[in-house]
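Asks: Quick one: this structure, given as structure tokens, is what I'll be asking you about.
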Amino acid sequence: MSMSDAPPYEQAGTLSYKAPEMMLEMPVYDARVDAWSLGCVMAEIINNGGLPLQGDGEDGQLRAIFDVLGVPDDETWPEFSSTPFAAKVVPELQVVHRKNCLRELFPEAALSKEGFEVLDGLLTCNPGKRLTADAALKQQWFAKVDALELPRKDEVASALPGKKKLRMVPAA
């Protein structure tokens with residue numbers, strides 16, 4: 001969908017990758033919903049294809065998110081308490097963890113400190129505190145990628161077994 005359209009936006013996306021503010025039907029949201037989705041994809045890749053934030057239905061999905069990231073409060077996300085979900089469902093939630101336990105799912109052996117800072121910043125429930133894609137790319141973890149000596153795209157393409165050598169055309 002185009003973010004140039006005026007809110008409220010029509011709901012779009014796969015439930016497992018939807019940002020909490022979308023499921024809570026907050027009337028205004030921005031491109032940070034896409035940053036949330038990037039965080040979900042990052043977590044899935046690091047977790048070898050398993051989605052650590054997955055539930056059944058929107059209420060179940062929110063419970064799964066809050067089980068890992070903790071239930072938002074007035075300090076972490078003031079606008080959350082005014083949502084119907086917070087008023088009706090949170091008192092009944094049987095959330096396993098009240099505090100963020102994301103690092104326990106992604107220990108330093110699986111994800112470096114710098115990588116975790118990106119993941120944690122993307123998977124922040126409060127959209128106002130969530131990393132934007134631009135801010136994520138400026139994190140130290142991505143600076144390490146720039147320092148790597150990676151093969152050029154044409155070298156990678158020619159090294160693939162059974163593949164035709166691709167001719168890379170420079171972008172205009």
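Asks: Are there helices (runs of 4 or more DSSP H) fully within the stretch 1-97 with at least 1 residues that are at pLDDT below 90 and among the hydrophobic types (A, V, I, L, M, F, W, C)? List them.
Replies: Answer list for the stretch 1-97: 20-23, 57-69, 84-88.
Asks: Could you identify the single residue in L137, L160 that is of a type in the set (A, V, I, L, M) and either modelled with pLDDT of 90 or more or under 14 Å from the mean Cα position of the chain (by Cα) (or both)?
Replies: Selected residue: L137, the only one of L137, L160 that is of a type in the set (A, V, I, L, M) and either modelled with pLDDT of 90 or more or under 14 Å from the mean Cα position of the chain (by Cα) (or both).
The values are calculated or read from the model by the stated rules, or taken from the named source; none is laboratory data. Everything numeric in this text was worked out from a predicted model, so none of it was measured.
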